[in-house]
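The values are calculated or read from the model by the stated rules, or taken from the named source; none is laboratory data. The structure displayed is predicted, hence computed values, not measured ones. Note: ideal-geometry Cβ built from the backbone for every residue, glycine included; neighbour counts use all protein chains shown. When the accessible area is computed, the model is the full protein with side chains, heavy atoms only, and any ligands, DNA or RNA have been set aside. Shrake-Rupley method; radii C 1.70, N 1.55, O 1.52, S 1.80 Å.
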Amino acid sequence: MAKTGTTTQGLRTAIERSGYYPALVAEAVEAAVGGEQISSYLVHQETTFDSNEVRRHVTVLVLTGTRFIVSHTDEQAADSSSPTPYATTSTESVKLPRISSVVVSRVVGNPESYTPGTVPREVVLTIGWGAVSRIDLEPAACGDTNCEADHGYTGSSTADDLSLRVSEAGDGPEAVRQTLAFAQALSEATAATR
């Protein structure tokens, strides 16, 4: 489920509709937003299966005139540190000029007959601002199959601060549209700050 819009009241309503600890999520997000006006937002709830447990996670993305705010809330089962179930909420505020990339990957069925405006089957929104980088390394080799020399390592570094996957089958076509709308608003806002 994803919801998007442009008002503080609309954001609160979308958080409440998600049904996922709305008072906790709304308080954390509203504190991070402060008095700034909201340009766009996206609320996405995800349910995953972990062994014998069902876990829920909600991500709230908010765009203001100067910042990109991301909030994650996860629930945890009782464990050795807590005798009762608990939730963890975190928010991060990123100044728009720090956003280094907004990547939108679209999966479209039957591309030979694609019509502009058709909702993709799936969208993956990846946003990078330099807080988290992933380094993938592997042994380097030369073209000689008999070579036994140590050629060191080769690899790549990828900015991977946030990746959000929304699918038509799992979340519905409206959630895919809303994700694309938020991605466009964020792309336009970051371009305007350069």
(request) Could you tell me how many degrees, from 0 to 90 and to the nearest 10, lie between the Cα long axis of helix 8-18 and the main elongation axis, the longest principal axis, of the Cα atoms of the chain? (result) 70
(request) Averaging sequence separations of C-alpha pairs under 8 Å and six or more residues apart, then dividing by the length of the chain, give the relative contact order as a whole percent. (result) 18
(message) For the pair residue 184/residue 163, report the inter-label distance in nm, with labels modelled 7 Å from Cα in the Cβ direction.
(response) 2.5
(message) I'd like the Karplus ³J(HN,Hα) series for the stretch 80-90: coefficients 6.51, -1.76, 1.60, θ = phi - 60°, whole numbers in Hz, and an x wherever there's a Gly or Pro.
(response) 5, 8, 8, x, 10, x, 8, 10, 10, 10, 9
(message) Give me the percent of accessible area attributable to carbon and sulfur for the stretch 65-151, probe 1.4 angstrom.
(response) 50
(request) Please determine, in degrees from 0 to 90 and to the nearest 10, the orientation of helix 22-33 with respect to the longest principal axis defined by the Cα atoms of the chain, where the helix direction is its Cα long axis. (result) 70
(request) Under 1.5 on a/c is rounded, so check that first for the stretch 32-142, then, if it is not, pick prolate when a/b is larger than b/c and oblate when it is not; a ≥ b ≥ c are the square roots of the alpha carbon gyration tensor eigenvalues. (result) rounded
(message) Counting heavy atoms of the protein chains only and a 1.4 Å probe, report the per residue accessible area for the chain as a whole number of Å².
(response) 57
(request) Could you work out how far the C-alpha centroid of the stretch 82-144 sits from that of the stretch 170-194, in angstrom? (result) 13
(request) Rounded to whole Hz and in sequence order, give me ³J(HN,Hα) for the stretch 120-128 from the Karplus expression 6.51 cos²θ - 1.76 cosθ + 1.60, θ = phi - 60°, writing x for Gly and Pro. (result) x, 5, 7, 9, 10, 9, 10, 10, x
(request) Determine, for each peptide in 72-85, 21-34, the mean count of other beta carbons within 10 angstrom over its residues, then list the peptides with the highest first. (result) 21-34, 72-85
(request) Counting residues in the stretch 1-97 as N, plug N into 2.2 N^0.38 Å and put the Cα Rg over that result. (result) 1.13
(request) Report relative contact order for the stretch 1-97 in percent, whole number only (criteria: Cα-Cα under 8 Å, sequence separation at least 6). (result) 24
